Amino acid sequence: MRRLLVMGLLLLTACESSEDDPEPGGPPTGNKGRIQGQLSPFQGSTASVGAASQRPPELQGEQGRKLAQAFSRAFAQKRQQLKAAAQGLTSPELPILMPPAGKEALARLPQEEPSREGEVLVRLEEAGLDEKAALERVQRPGYRAVHKGYASEYLHVIAYEPLDGHVTTLAETGRLVAQVEKLPGVRFAEKNLRMHAFKAPNDKAYGFQWHYPSLNLPAAWDVQTNETGSVVVAVIDTGIRAHPDLQGQVLPGYDMISDSSNAGDGNGRDNDPKDEGGDEPGGGSSWHGTHVAGTIGASTNNQNGVAGVSWGAKILPVRALGRLGGSSADIVAAMAWAAGGNVTGVPRNPNPAKVVNMSLGGASPPQKAYQDVIDAFPDTIFVIAAGNENVDATNTTPCNQQNVICVGSTNFAGKRSSFSNFGTPVDVMASGGEMREDLNGDGYADGVLSTSFDEKGEPAYVFNQGTSMASPHVAGVVALMARLSPNLSRAQAENLLKSTASASSKCNEGCGSGLVNALSALKRLQGGGQNDPPVLGVTSTQLSFQGSGSQQLVISNLGGGTLQVSAAVAGPQASAVSLSPSAVSVPAYGSDAVTVTVNAGGLANGEYSATLTLTGANGAGTGTVAVRIRVGAREDKDALIGFAWQDRDGEWQVDEAAVGEVRAARDYQYSIDLVPHEYYALATIDDDEDGTFFEDTDRSGFWRNVDAFEGIPLAAGQTVTGISFDLVPLAPIDDGAPPPLPETDVGLPCDSSADCPGLGRCNTNYPGGYCTYDCSASQPCPEGSECFSGACLAKCSGPDEGQSSCRLDYVCYDDNTGLGLCLPDCREMPSICRAGCDSRGYCE
C-alpha cells in the first residue's frame, strides 16, 4: 500500500481570539472584503477509515507542492506571534499530501425472488430436529406433509400434497402458511418462493455502491440489462481516459473544443476525446467525464471494480469541457454531433446516441441555441444535472431548457442533498451523495463510487458527490428503458420516470416527482406485472445514527398488487427508536418510506443497537434493518481554514491573515476579512492530533465541493456569504490489498443468543459459539456477512488463505466472488467434513 506524503502545517489561531473576529453584522474593515460560511465535518466513527473522492486538485502535482509552500510561508510568518502553537511542529517545507482513490469493496451476491406452490418454509423454535420430528409438528388435515430439506438448523422446507390429488394453488399455499404459523413450536412460516438471481453484479466494489439499491436497480436489472445491447449514451463532459473498467464500453468519440488553449492538446477539434486533465486551478485534474461514464456504463458483472447502471450500454465520449470550462458553442456542437447531426467541418457521428448525459451547466436563463438543437433531435433524450449551488435551478442552464430531463441529487436516505439545486426545472431526483454523512454505517462517506484516477494518473475508484453524479444514474436507467423499448420517445421516458418516482423524496423547495424508481419504470414500460404477488424490498440492512436524529428508510414493493407492510422495533435500545408511520401500503412496483427517529437523550457515551423488523402481509416477505446508535463517539475538534490566491505568474500565494482556526464550539461557522483577490478555500481537521494535516484519516475539504474546486472573487467592501463546504475523511490509496470489511456482529463468539444483538442467535455447535441471523431473499444479512443455507456467515477478505480475517479457530472459504466466508477450522470441528480435513483446516 502506498503511503501518502504529508504536509506539516503550523497550528494557526488567526481567528482564535474573539477580539480579532470581525463582527458578523458590521461592514468589512478597511479596504478588505469578507468571506463567511460554515464547515460540515463528516460524523462517522473514529474507527472508520473512510475515503474522499480524491484530494483537492490544488493539492496535486507541482502546483500542489507550490501551494503547500505558500501555506507554509504564511504559517511561518505567524510562528513568532503564536509561540505556544509553534512548539514541536514539523517543517513547513514538507511536500503536500496527494489524493487517495476510493477503495475497492466487497462483492454482493445475487439475491432471489418469488414463487413455489405448495412449499412452505417453517422456522421451528427447536434446533436440530430430524425429519420425522419436524413433520410431527407441522401436519395439516387434508394434506400429506413431505420434508424437502433444511435451510438452517431451525428452518425446514415442507411440501404439502393434497390427499385428493388436486394441484395446490398460490392462494392455497398462502392459507397453509397462515395455518402453520399458528402451530405450537413454530416461530414463523412463509412461502418457499421460486428463486432466480437478480442481476446483482459480482463487481468487487459493488457492495459500496449504495446508490444503486436506492433506485431499485438490482431488481430492475432482472427485467432488463444492456449486456448484449447497443444503446448508445453520449457523455458530454471533460472527455474520458482509458480505464480497465471501461474497456470495451467506449465508442470512438470526438473532441469538440475549438479553442486550442482550452483544449490543452495543442489543437482544436479532433477525433481524440481523451481527457487531457489540468482542468482545475493550479493544474489539478478532476477526471470528471471518466467518473460520470463509469456510473453509466462501467463493465459490469466482471468480478472487478464497480458496476455501471446500464450493464453495458456503449459510451460515446464527446469532449466539450477543457482547462477553462466549455463554451456554449462547443457544447451545442457536441449535442448536435452526439445526436447524429451535421457539424460543419466535423465528420458525422456513425453511432448516434439515444441518450445524452450532460453533467454540466451554468447560471443563465434558457438559451435559444441549446433549445434549437434539442428541438432538432426529438428522438434523442437529454439528461442534465441540476447544479450544485443549492439554489433554484430556474436560472441554471441547460437544465432549465424545455424537453430535457433535469436531475437533482439525493443522499443515502433519499432526501435532497444539501448542495443540490431545486425548483420548477427539476423533473426527478437520483442518488448524488452527501459526503458529510455515513448514514449506512459502512465507515465510508456517502459518496457515489465510480471510475477515476489517482494522483499518479493510474486507474482507481473514487467517491464523489454532486448532481453530476445523479444525472448519469438517470441516463443509465433511460438506457435500460431504451433497450427494453427501442422506440422509446423523449416524452415517454420523462413521463415514465415521473409517474413511477418515489414521492417520499419530494421536497418543499421543488424536487420534481421524487426519486427515480428504475424497477417501476421498466415494469410500467413493459406493460405487465400488476397481477404478480407483492414482494417486500428494503434498500438497506443497516442505518447508523450519531446521537439523536431521523432518517428515511425506503420500502419497495418488488412485485404487483398492493404491499401492506408493518414495522416494529426490538432489541436493547428499542425504546430510543420510533417509527412514523408504523405501517405503509406500497403500490405495485412502487416505493414508500418510514421515518426512523432516534432519541439518544439520557444515553451515556457508547454504542447501542436496535432492530427494525418489517413484515409484509400475506407472505410478501420479511426484512430486518439493524439500527446502530453511537453517542459521543467522535469528539468535536476545531478545524483550520486557509484562503489561497494565484498571482499573475500562476504562483500560489497565502497571506498571513488568510489562515485561521474555525471553532467546533461555534458550530464551525467562520467569518474572516481579507484583501481583495480571487480566493480558493481549503480546510482540515487534525483528527489524529499529530500536528500534520491532510493525511490519511484527517477530515478535509475545499470550496465549492468535491465535485468542483472554484474560486471566490472578493472585492473591497464586499461580503461573500455561504462559503460552506464539507470535510470528509482522506485515506491511503489501496494497491490491491482488500479493504476493511464492514463491522458486523455475525461471526462473533457467544455463549447464548443473549450475546447476539437484535434478532441474532447463537449457534453453539460452532467452536466458541457463532452469532448469526436467519436469512432469505426478503430478509438479507447485515453488511459484512452473507446468506448461506438460510443463515448469515461472516465474510472474510483472504479466501483460501487459512484464518485470514476470520477469528481464531476459523478459516476463510472461497465463495467464488473474490471474497470468502468464515467457517470452522475442521481441525477443531472434524464433523463438518465428509471426506476428511486437510492440514490447513479446510475440508477436502
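Bear in mind that the values in this text are calculations on the coordinates, not laboratory data. Note that the coordinates shown come from a computational prediction; the quantities given were computed from them, not determined experimentally. All Cβ positions, glycine included, derive from the backbone under ideal geometry; neighbour counts span all protein chains shown.
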Taking every other residue with Cβ under 11 Å from the Cβ of residue 179 and scoring Lys and Arg +1, Asp and Glu -1, one gets +1
Give the calculated FRET efficiency between residue 688 and residue 754 to the nearest 0.05, with a Förster radius of 35 Å applied to their Cβ-Cβ distance. 0.45
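So for segment 206-526: antiparallel DSSP bridges make up what percent, rounded to the nearest 5? Let's see the in-between values first.
Working: 14 of 39 bridges.
Antiparallel bridges make up about 35 percent of those DSSP assigns within segment 206-526.
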For 607, 689, what's the fewest-to-most ordering of other Cβ within 10 Å of each Cβ? 689, 607
Go ahead and run the numbers for FRET between residue 715 and residue 324, Cβ-Cβ distance against an R0 of 30 Å, rounding to 0.05. 0.85
extent check for segment 375-420: Cα max minus min per principal axis, descending, whole Å, gives 37, 22, 10
Within 10 Å of each residue's Cβ, count the other Cβ atoms and sort 772, 764, 295 from fewest upward. 764, 772, 295
Globularity index of segment 753-832, i.e. its alpha-carbon radius of gyration over 2.2 N^0.38 Å: 1.06
Ranked from fewest to most other Cβ atoms within 10 Å of their own Cβ, 211, 166 fall in the order 166, 211
Please quote Rg/Rh for segment 351-492 to two decimal places, taking the Kirkwood radius as Rh and restricting both calculations to Cα atoms. 1.00
Size of segment 319-405 as Cα extents on the principal axes (Å, biggest first): 39, 30, 19
Using a simple spin-label model with points 7 Å from Cα along the Cα→Cβ vector, what separation in nm is obtained for residue 595 and residue 351? 4.7
Surface/4 of the Cα convex hull for segment 206-526, nm²: 14.6
With the alpha-carbon atoms as the only input, what is the per residue convex hull volume for segment 249-352 in Å³? 100
Could you tell me whether segment 499-657 comes out rounded, prolate or oblate from its Cα gyration tensor? Rule is a ≥ b ≥ c as square roots of the eigenvalues, rounded for a/c under 1.5, then prolate if a/b exceeds b/c, otherwise oblate. oblate
Hey, if you drop one equal point scatterer on each alpha-carbon of segment 119-191 and run the Debye formula without solvent, what base-10 log of I(q)/I(0) do you get at q = 0.15, 0.18, 0.20 Å⁻¹? -0.42, -0.61, -0.75
Full-stretch length increase - residue 379, residue 492 - with 0.36 nm per residue and alpha-carbon distance subtracted: 39.6 nm
Give me the number: length gained by fully extending residue 499 to residue 636, i.e. 0.36 nm times residue separation minus the C-alpha to C-alpha distance, one decimal in nm. 45.0 nm
Given a Förster radius of 51 Å and the C-beta distance between residue 172 and residue 838 as r, what FRET efficiency does 1/(1 + (r/R0)^6) yield to the nearest 0.05? 0.55
